[in-house]
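Each remark here refers to the structure printed beneath this line.
FYI, it's all coordinate maths here, none of it is from the lab. Everything numeric here is computed off the predicted structure, so don't read it as measured data. Because the Cβ atoms are built from the backbone with ideal geometry, glycine has one as well, and the counts that use them run over all protein chains shown.
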């Protein structure tokens with residue numbers, strides 16, 4: 001069935017929402033995964049949707065590559081896979097309309113960010129859907145996209161920074177760690193990201209982005225931070241407003257928040273379950289995303305009536321420490337809280353038996369007691385420790401700046417001309433840097449210091465050496 005190209009309004013009536021959900025069910029029946037389980041399902045109201053079984057990630061994996069495809073291949077223009085960090089990758093098939101609906105929703109929510117003449121450094125990995133949404137937004141008049149995916153040897157971090165500087169990018173789009181890395185490289189080159197670059201917006205998604213982390217990034221770049229939320233399977237689920245509230249894109253997805261152990265959606269915190277309204281090729285009915293979210297209890301001051309949420313992270317990524325359940329959101333927020341006090345953006349959080357260790361690069365070690373106090377306040381009752389490290393100990397900017405140079409493939413080499421005297425196809429494809437003696441000494445020093453600290457922590461907590469995987 002063809003999907004109505006106009007997204008459902010956020011204030012749709014109950015009957016309109018029931019019709020939209022039924023349309024998703026009718027489309028989903030065309031996919032092998034749902035053919036039998038949704039046979040004959042006819043909703044008389046929104047409440048009846050909750051009587052249908054959940055769709056789990058395990059079921060998507062078992063269904064295989066074409067398990068959720070409900071459209072003919074002739075109607076599909078894009079195939080994507082989840083990263084597979086928690087198991088076998090899940091497949092997603094998208095029509096041009098599927099991509100357009102998410103791109104249009106982003107552009108409509110942020111017309112001041114994505115508009116004619118705005119230059120966007122697109123650092124999202126090319127396999128991830130946001131990379132393609134940025135390109136589509138640009139094609140729809142939302143700016144000029146500079147495709148520079150960060151998992152791309154042709155555009156390593158140093159070149160990405162050079163591109164942003166050279167073309168005058170106003171928007172940096174990518175994973176939350178992207179502005180941290182680019183910011184450190186900029187400072188190593190004597191540049192202040194907030195003063196010497198023109199970026200005024202950080203459009204970030206794909207990992208936890210709690211307030212402390214947003215403040216660090218926003219302050220360093222003197223830029224607004226916008227959070228992007230979604231997944232390969234569901235596409236866009238929401239973006240944050242000018243007040244920093246992450247609003248669900250109710251025109252594209254019907255969301256339930258199921259309280260653990262009850263299966264009901266009567267609580268303010270629980271697992272996010274999504275029924276897509278904006279997908280034609282791979283529709284999902286009551287898909288358990290595995291994400292735990294917290295519904296905000298009050299309406300946002302921005303005036304957007306759509307629900308606001310905090311994404312705490314995947315259930316399987318939560319850790320138990322001192323009787324508390326800590327989600328990725330809490331772990332990143334703890335690290336960012338310490339880094340903020342120590343005037344840094346580079347931190348790494350380690351969960352040890354009965355304790356959390358936050359390691360931070362800093363030049364203001366005198367603030368260590370204040371950082372420890374801030375961390376205790378953020379996680380009362382949890383044993384925590386802060387370790388201050390010299391700059392470069394956690395993020396080796398020198399190493400990142402010496403990535404291989406990539407060339408167009410060649411099968412000939414004229415040694416009579418100036419330049420490289422190639423002997424193999426591999427040499428023609430890339431040129432690896434030749435480190436100086438000082439660089440090698442620096443690498444070895446960092447390697448030995450990290451290895452020494454690892455041995456100290458193993459002995460201190462009685463941990464065996466981890467097996468290589």
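Worth pointing out:
- Note on residue 108 and residue 454: the extension gain reaches 119.7 nm, defined as 0.36 nm multiplied by sequence separation minus the Cα-Cα distance.
- If R0 is taken as 45 Å, the Cβ-Cβ distance between residue 152 and residue 13 corresponds to a FRET efficiency of 0.45.
- Approximate spin-label separation residue 75-residue 447, in nm, with each point projected 7 Å along Cα-to-Cβ: 5.5 nm
- Per-pair calculated FRET efficiency, R0 = 25 Å: residue 144 and residue 302 via Cβ, rounded to 0.05: 0.35
- Rg in Å to one decimal, and Dmax rounded to a whole Å, for segment 65-177 via C-alpha atoms: 15.3, 45
- With distances taken between every two different alpha-carbon atoms, segment 353-469 has a Kirkwood hydrodynamic radius of 18.7 Å.
- Net lengthening on full extension, residue 126/residue 36 (0.36 nm per residue, minus Cα-Cα): 28.9 nm
- Computed over the alpha-carbon pairs of the chain, the distance histogram in 10 Å steps reads 4, 17, 27, 26, 17, 8, 2, 0 percent, short to long.
- Pair-distance profile P(r), taking every C-alpha pair of segment 94-315, with 10 angstrom steps and integer %: 8, 33, 36, 18, 5, 0
- Each principal axis of segment 115-205 carries a Cα extent, and these read 36, 26, 21 Å when sorted largest first.
- Using the empirical formula 2.2 N^0.38 Å as the baseline, the Cα radius of gyration of segment 10-100 reaches a ratio of 1.19.
- Extending 7 Å from Cα along the Cβ direction at residue 315 and again at residue 88 yields two label points whose distance is 2.0 nm.
- Using a simple spin-label model with pseudo-atoms 7 Å out from Cα toward Cβ, residue 390 and residue 242 lie 4.6 nm apart.
- Nearest 10 degrees, 0 to 90: helix 211-221 Cα axis against the chain principal axis: 50 degrees
- Using the average count of surrounding beta-carbon atoms within 10 Å as a protection proxy, the listed peptides 129-141, 343-355 rank, highest first, as 129-141, 343-355.
- Packing rank of 111-121, 419-429, 314-324, where each peptide gets the mean count of other beta carbons within 10 Å, highest leading: 111-121, 314-324, 419-429
- Calculated P(r) tail over 18 Å for segment 183-279, as whole % of Cα pairs: 59 percent
- Degrees, to the nearest 10: 14-28 long Cα axis against longest axis of the chain: 70 degrees
- In terms of packing, defined here as the mean over residues of other Cβ atoms within 10 angstrom, the peptides 407-414, 269-276 line up highest first as 269-276, 407-414.
- Pairs of Cα atoms in segment 306-372 fall into 10 Å distance bins, from 0 up to the last occupied one, in shares of 20, 44, 28, 8, 1 percent.
- Relative contact order of the chain, pairs being alpha-carbon contacts under 8 Å that are 6 or more residues apart, as %: 12 percent
- When 36, 154 are sorted by how many other C-beta atoms sit within 10 angstrom of their C-beta, beginning with the fewest, the order is 36, 154.
- Angle between the chain longest axis and helix 157-167 axis [Cα atoms, degrees, rounded to 10]: 80 degrees
- Difference of contour (0.36 nm per residue) and Cα-Cα distance, residue 415 to residue 377: 7.1 nm
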